[in-house]
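The next block holds one structure in the form of structure tokens; read it before the comments.
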Amino acid sequence: MRYNEKELQALSRQPAEMAAELGMRGPKKGSVAKRRLVKLVVNFLFYFRPDEAEPLGALLLERCRVAQEEPGGFSISFVEDLSRKYHFECCSQEQCQEWMEALRRARNEIRKMTGKDPLEQFGISEEARFQLNSLPRDEQTCTGSQLGVLD
Amino acid sequence: MKLNKRSVAHYALSDSPADHTGFLRTWGGPGTPPTPSGAGRRYWFVLKGNLLFSFESKESRAPLSLVVLEGCTVELAEAPVPEEFAFAIRFDAPGVRPHLLAADGQVAQEAWVKALSRASFGYMRLVVRELESQLQDARQSLALHRCVFQKSVTGCNKPQAPDRRAPGPENGHLFPRDRNSNGSVEERGSRPVGRDLTEWGLQGPASLLLSRGQSPVSPETSCFSTLHDWYGKEITELRRGWQQRAKGSQPESKQQSRP
């Protein structure tokens, strides 16, 4: 899957919702925690080597699950494979809490931006607003077999 | 740069609601060789929030490409082949070529330009903040005055005080226009409503809408489709202007062909 990497790199330089140096450990077994500058911009989480201008990588946060791990630590995983976790170590539980809340808000849905749904007050349901068809929203995991064509 | 492509593709394929879908022709996306006729390759496009995915076909099980729609503007464009309903996504980032796309017809073209213009997270955040602040102003006004649409409330002290633009004639708003100017937005060039809007470097449709001093929301607004129609006004005008320019160029070519 191609993507516009230059624009994404430019996005990583935009003002961030949250930015901090955290310990970060990838989902692969045996990976070691490293210090990373972690930056939340819109619905992407960028991570940099400290003092480097270009990001090492980005995580799109749609359909992610944010969970408390050990005290002061949280993880991000994705619906299609919840066992693959990106681990983050914070300096305090307060910081950890702040990050978890910010990450949960970092979605495309308006509700997440304001903390409340501005249109629900007028009786406009989410279904009427955004869906082009009447398919129900499916929170179930997608099976791994469909992803065989990737990578 | 790494990206969690597997998760991204999963999200693209999931039945999370799409903001817009349809067939579009595309030229020169990275790695896209041009067709012999120059007509552009036709792919199935899905817009979800600030993410534009393309697929070989509707039934594809993996996206071909992703365009992240932040820091960009969308405008009507000339296509390499005449009579295409083309538009371009232009990025602020230096050295990035615009993405050229074309729809199958005028209606589709306008719908796509509208959808893509509003796709960025920054734009949505701006709209939400603007709507919220106007809701708040309107509620305060209602509380203070019975006839809110007759009086102009000057009690709200905003740190920046630019000239207030008079409501423009293009307003397609269905609700009373002489709503108090308290909630109207400042001109482009001065500090916009909300201290961190400047951080987003808003350009294109967002700043245009803001700079008109028009208020899309009044206390009586209860219909989101009205808001959609209101924002659609700009696209209709853009198209009208484009068509006029296209017509205006024809007499010149006739003159040139005279001996």
Taking placed amide H atoms and a strict 5 Å upper bound, the residues 5 or more places from B:Leu3 or on another chain that come that close are A:Ala58
For A:Leu82 and B:Ala108, extending 7 Å from Cα along the Cα-Cβ vector and measuring point to point gives, in nm, a value of 4.0 nm
Going through B:Lys5/B:Lys114; B:Lys58/B:Lys233; A:Lys34/A:Lys85; A:Lys6/B:Lys58 one by one, the pairs whose alpha carbons sit over 20 Å apart turn out to be B:Lys5/B:Lys114; B:Lys58/B:Lys233; A:Lys6/B:Lys58
Between A:Glu94 and B:Phe23, the FRET efficiency computed from the C-beta separation at R0 = 45 Å comes out, to the nearest 0.05, as 0.35
Diffing segment B:118-134: the Karplus 3J(HN,Hα) column from phi (6.51, -1.76, 1.60, θ = phi - 60°), in whole Hz with x for Gly and Pro, holds 9, 6, 5, 4, x, 5, 4, 4, 4, 4, 4, 5, 5, 4, 5, 5, 6
Simple SL model, points at 7 angstrom along Cα→Cβ for B:Asp15 and B:Lys58; separation in nm is 1.6 nm
Expected integer from the mean partner chain Cβ neighbour count at 10 Å over B:62-70 is 6
For B:Ala77, other-chain or 5+-apart residues with amide H closer than 5 Å (H placed, Pro excluded) are B:Ala86, B:Phe87, B:Ala88
Scaled by the rule-of-thumb 2.2 N^0.38 Å, the alpha carbon Rg for segment B:56-101 gives a ratio of 1.37
Any residue on another chain or 5+ positions along whose placed amide H is under 5 Å from the amide H of A:Arg65 is listed here as A:Ser77, A:Phe78, A:Val79
Segment B:5-123, Kirkwood Rh and Cα Rg, ratio Rg/Rh at 0.93
Once phi for every residue in segment A:82-93 is put through the Karplus expression 6.51 cos²θ - 1.76 cosθ + 1.60 (θ = phi - 60°), the whole-Hz ³J(HN,Hα) values, with Gly and Pro written as x, are 6, 7, 7, 10, 8, 9, 10, 10, 9, 7, 7, 5
Here the FRET efficiency for A:Ala67 versus A:Lys34, based on Cβ atoms and R0 = 22 Å and rounded to 0.05, is 0.60
Residue by residue through segment A:4-18, the couplings from Karplus 6.51 cos²θ - 1.76 cosθ + 1.60 with θ = phi - 60°, in Hz, x for Gly and Pro, are 7, 5, 4, 5, 5, 5, 5, 4, 5, 8, 6, x, 9, 5, 9
Expressed as a whole number, the average count of other chain Cβ atoms within 10 Å around the Cβ atoms of A:45-55 is 1
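Laboratory data are not the source of any read-out in this text; all were calculated from the coordinates shown. Quick caveat, the model's predicted, so the values are computed rather than measured. As a convention, Cβ positions derive from the backbone with ideal geometry for all residues, glycine included, and neighbour counts pool all protein chains shown.
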